[in-house]
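Here the structure comes first, spelled out in C-alpha cells, and everything after it is commentary.
Quick note: the coordinates plus some simple rules give every number you see, no bench work behind them. The shown structure was predicted, so the numbers you read here are calculated from the model rather than taken from an experiment. With ideal geometry, Cβ positions are generated from the backbone for all residues, glycine too; neighbour counts draw on all protein chains shown.
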Amino acid sequence: MESDGAVFHANSVSCPASNPLLDQLPSYQSLLYRRKPSAGGSGRERRTSTSRQRMGSSSSGRWAGFSTEARLPDPTPQRPVRELSVNMKEKRRLAREERLEQSKDLSRWERFHLRRLRSWRRFRDESHEVLLTLQLWRKDIHTIEGKFGTGILSYFSFLRFLVLLNFVMFILIFGFITLPVVISSYGFGNSTSTYTEVSDCTTYPSSSRQGLVIFHQYIIDLLSGTGFLEQTYLFYGFYRVSTVHFTKFMYNVPLAYLLVTIGYLLLSLLWIVKRSVEGFKQNLVQDEDHFQSFCNKIFAGWDFCITDESAARLKHSSLQYELKTDLEEERIKQKIAERTRTERARIYLLRLVLNLFVLGVLAGCFYAIYRATIYSQQTTQIKSQNFILDLIVEYLPSIVITLANFITPLIFDVIIQFEDYTPAFEIRFTLMRCVFVRLASIGVLLFSLWSQITACVEPCPCGYNHKLYPCWESRVGQEMYKLMIFDFIIIAAVTIFVEFPRKLIVMHCPCALTQWWGQQEFAIPQNVLEIVYGQTICWIGAFYCPLLPAISTIKYFIIFYIKKVSLMQNCRPSTRPFRASSSNFFFLAVLLIGLAMACVPVGVSIAEINSSKACGPFVNYTTSWAVVPDTIDQLPPSLRSFLLGVSSEAFAVPFFVVVCMVMFYFIALAGAHKRVVNQLREQLIMEGRDKRFLIQKLYQAQKESWMSPHHRSGSGISQPRGSGQLSGVFLEQHTGANMTHA
C-alpha cells in the first residue's frame with residue numbers, strides 16, 4: 001500500500017505551494033478567467049492571490065497535505081444513530097445510551113426541561129398521526145398515488161382542499177347568519193324587521209305557486225332556484241331580519257352578514273397563500289440550469305410511489321417525453337437566437353394577427369353571453385307550456401358559457417401551433433387563455449345582469465329597476481345557483497355519456513381509427529380549470545345565495561368519486577408530464593386569480609349598487625356598506641374617535657410609508673438571499689467539476705502505476721491497493737455530492 005500510494009503521491013498529488021495540478025482545477029481556472037487586469041481590480045487580484053495561496057498552502061489550505069493518509073476515511077467515524085446499519089432495537093438502545101451520556105452533565109432542572117420537551121414532541125407526533133388517520137379520502141388518495149403517481153395525486157388533493165374550504169365557509173355563514181335568523185323565527189329571540197316606506201319599492205310579489213301546479217314546474221324550480229326554493233334560507237331575499245334581541249345582547253344581522261362575507265374571502269385568501277408558499281419554495285429550488293435539470297430527470301426523476309406496471313411504463317415514457325421536450329426547447333431557443341431581423345418581423349406580425357383573431361373570438365363569445373343573458377332575463381317572465389323550452393330559456397346563459405368554455409380551448413390549441421413558442425410556454429399560455437375565458441365569462445354575465453338591474457326608463461325612486469327586479473340580489477343568486485348546478489350536470493354527463501362510451505368503442509372496436517383516437521386522457525390542467533371555475537362561482541354567489549357553499553361542498557364531494565371512477569375505469573393519464581410540485585403551485589395560483597375575480601363584483605355590489613328595499617337584511621340602508629358607518633355612529637365616543645382616526649388620512653399616509661419601507665427591506669433581503677443562493681449553487685457546481693477533474697487525474701495515475709514495469713513483474717493484473725482505496729474515497733464523495741445536488 002505504501003509503495004502504491006507513493007507512486008500516486010509522487011506523480012500527481014503531493015506538491016509544494018505552487019502545485020501545477022491544483023492550478024489546473026476548473027474552479028481556479030474560472031477564477032483566473034473572471035479576474036480583470038484593471039486599476040480598480042486590485043482588491044479582486046489581492047483576493048485571488050490570497051485564495052491561491054490558501055489553496056496551495058501545505059498547512060491550512062483546502063488541498064494542502066493531499067496524501068493517501070489525509071484522504072482515507074476515519075476508521076471510527078462519529079455517525080448519527082439513525083445512519084447506523086443495525087436493527088431498530090439496537091438503534092433505540094444506542095440512542096438511549098447516548099441520551100444518558102449527554103444528560104450526566106445536566107442539572108436537575110435541565111433534565112426536567114429536556115424530559116418535558118421530549119414528552120411534548122412525542123405527543124405532537126402521535127397527535128399528528130391520529131389526525132392523518134382521520135384525513136378525508138386518505139386511503140383513496142394513496143391508492144391513486146400508487147397507481148398514477150404524484151401528478152394526478154395533486155389534483156385530488158386540490159379537490160379535497162376545496163371541499164374543506166367550502167365546508168368552513170358554510171360553517172361560518174350558517175353559524176353567524178342562518179342560525180340566528182332561524183332561532184329568531186322559532187321565538188327564541190325577539191327579531192325586528194323595519195322596512196322603509198318608499199312607494200312601490202317595498203312590494204315583493206310572492207313567487208309561490210297557487211292552485212294546481214304541474215309536476216315539471218317543480219323540476220324547473222329545483223333546477224333554477226325559483227318558486228318554492230326562492231322562499232327558503234337558500235337565497236338572500238329570505239333574510240328579512242334586521243336585529244335579533246337576546247336576553248343579554250342585540251345581534252345585528254346586516255353587520256354580521258357583511259362581516260362574514262369579508263371574513264370568508266379573507267380566510268380563503270390566507271388559506272390559499274399558506275398552501276401556495278410550499279409550492280413556491282419548491283419552484284425556487286427547481287429553478288436551475290439545464291444541465292442540472294437533465295441530471296435530475298435521469299438520476300432523481302423516478303416516482304417511487306408508483307406500484308402499477310402500466311403506470312410505471314407510462315412514467316418511463318413521461319420521463320422520456322420530458323427529456324425530449326427539454327431538448328426541443330433548447331433547439332427552439334437556438335433557433336430563436338439565430339433568427340434574422342426579417343424572420344423576427346415575420347413571426348411578430350404573425351403573432352399579432354393571431355392574437356387579434358383570438359381577441360375577436362373572445363369578443364364574439366362575450367357578446368353571445370351578453371345577448372343570451374338579456375334574452376333569458378326578458379323571456380323568463382313569460383312562461384310557456386313547453387317544459388323543455390322553459391328549461392332552455394332558464395339555462396340559456398349557462399349553456400352559452402359552457403359552449404364558449406368548450407370551443408375556445410380547441411381554437412387556442414390550433415392557433416398556438418403557428419405562434420412558434422417553446423413547448424413549456426405553449427402550455428402555460430394556452431392555459432392562461434382558458435383561465436381568462438372561464439373567469440371573464442362570469443364577469444360578462446354579471447355585467448349583463450347589472451345592466452338590466454340598474455336600467456330605468458323613468459326616474460328610479462329605488463335606485464334600480466324595481467319593477468322587473470324587486471329583489472335583485474336573489475335574482476343574481478339564482479343565476480349563480482344555475483351556473484353551479486349546470487356545471488355539475490355537465491361534468492357528470494361528460495363522464496357518463498362521453499368518456500365511458502369512448503372507452504367501450506376503443507376496447508371492442510380495434511380498428512385503426514379507434515386506436516388512433518384512444519382512450520380519454522385525464523388532463524390535469526383542464527380538470528383543475530373546471531373546479532376553479534366552480535369555486536369562483538361559489539365565492540361570487542355566496543353573498544346572494546348564502547347556502548351555496550353547502551351545495552358546492554356536496555358537489556365537490558360527489559365530483560371526487562366521479563373523477564376517481566373515471567380515472568380508474570375510463571381514462572388514462574396524460575402523456576404530458578405534470579409534476580406535483582409545479583402543479584400544486586399552478587393550481588393555487590389559478591385559484592388566487594379566481595378569488596381576485598370574485599372579489600371585484602362582490603365589492604362593487606356591496607359598495608356601489610343600491611340594495612333592494614323589499615327583501616334582505618339591508619332594506620334600511622342605501623347600500624350594503626352603509627351598515628358600517630351606521631354601526632360606528634352607535635359606538636361609544638372614545639371608540640368611535642379611535643376608529644375614525646385609524647381610517648383618516650393622517651393615519652393612512654404614515655402607515656403606508658411604514659409598509660413601503662418594510663416591503664423594500666424584505667425585497668432587499670430577498671435579493672441578498674437570492675445572490676447567496678446563486679453563489680452557493682455556483683460553488684456546488686464548481687466543486688463537482690473539481691472532483692470530476694481529480695477523478696480523471698486519479699484514474700490516469702492508477703493506469704500509469706499499473707502499466708509500470710514494477711507491477712508488470714509482479715502479479716501481472718493486480719490493482720494498486722493504495723490507489724484503489726483512494727479512488728473509492730473520491731468516488732464515494734463525488735457520488736454523494738452529485739446526488740445531494742440532484
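Under 21 Å Cα to Cα from K139, which lysines show up? Leave out anything in the same chain fewer than 8 places away. Cα-Cα hits under 21 Å: K147, K555, K563, K564.
For a paramagnetic label modelled on L179 (point 7 Å from Cα along Cα→Cβ), amide N atoms under 16 Å away belong, within the stretch 548-565, to 550. Residue order for Y218, Y464, Y421, fewest other beta carbons within 10 angstrom first, comes to Y218, Y421, Y464. Note on V241, V253: ascending count of other Cβ atoms within 10 Å places them as V241, V253, the fewest first.
Which distance in nm do the two modelled labels at Y186 and F693 give, with both placed 7 Å along the Cα-to-Cβ direction? Each label point is offset 7 Å from its Cα along the Cβ direction, giving 8.1 nm. Taking 0.36 nm per residue of sequence separation and removing the Cα-Cα distance, the L359/K674 pair yields an extension gain of 109.6 nm.
Highest mean first, the peptides 365-373, 175-183, 475-483, 650-658 sorted by other C-beta atoms within 10 Å per residue fall in the order 475-483, 365-373, 175-183, 650-658.
Using θ = phi - 60° in the Karplus curve 6.51 cos²θ - 1.76 cosθ + 1.60, the 3J(HN,Hα) couplings for the stretch 523-530 round to 6, 5, x, 5, 5, 5, 4, 4 Hz; x is entered for Gly and Pro. The stretch 94-134 has equivalent-ellipsoid semi-axes of 27, 13, 4 Å, by the square roots of 5 times the alpha carbon gyration tensor eigenvalues, sorted largest first. Residue by residue, the stretch 242-247 carries 3J(HN,Hα) couplings of 8, 9, 10, 9, 9, 5 Hz when phi is fed to the Karplus relation 6.51 cos²θ - 1.76 cosθ + 1.60 (θ = phi - 60°); x denotes Gly or Pro. The residues C511, C599, C434, when put in order of fewest to most other Cβ atoms within 10 Å, stand as C511, C599, C434.
The length gained by stretching the chain between Q102 and T307 to full extension, at 0.36 nm per residue less their Cα-Cα distance, is 69.5 nm.
For the stretch 588-619, the residues whose backbone nitrogen is under 20 Å from a point 7 Å from the Cα of V168, taken along Cα to Cβ, are 588-599.
With a Förster radius of 25 Å applied to the beta-carbon distance between A652 and L267, the computed FRET efficiency rounds to 0.50. Modelled this way, with points 7 Å down the Cα-to-C-beta line, the labels at K91 and V659 are 4.9 nm from one another. Per-peptide packing, taken as the mean over residues of other Cβ atoms within 10 Å, places 351-362, 227-238 in the sequence 227-238, 351-362 from highest down. For Q231 and D413, a Förster radius of 60 Å and the Cβ-Cβ distance give a FRET efficiency of 0.85, rounded to the nearest 0.05.
Ranked by the mean number of other Cβ atoms within 10 Å of their residues, highest first, the peptides 399-406, 494-501, 641-648 come out as 399-406, 494-501, 641-648.
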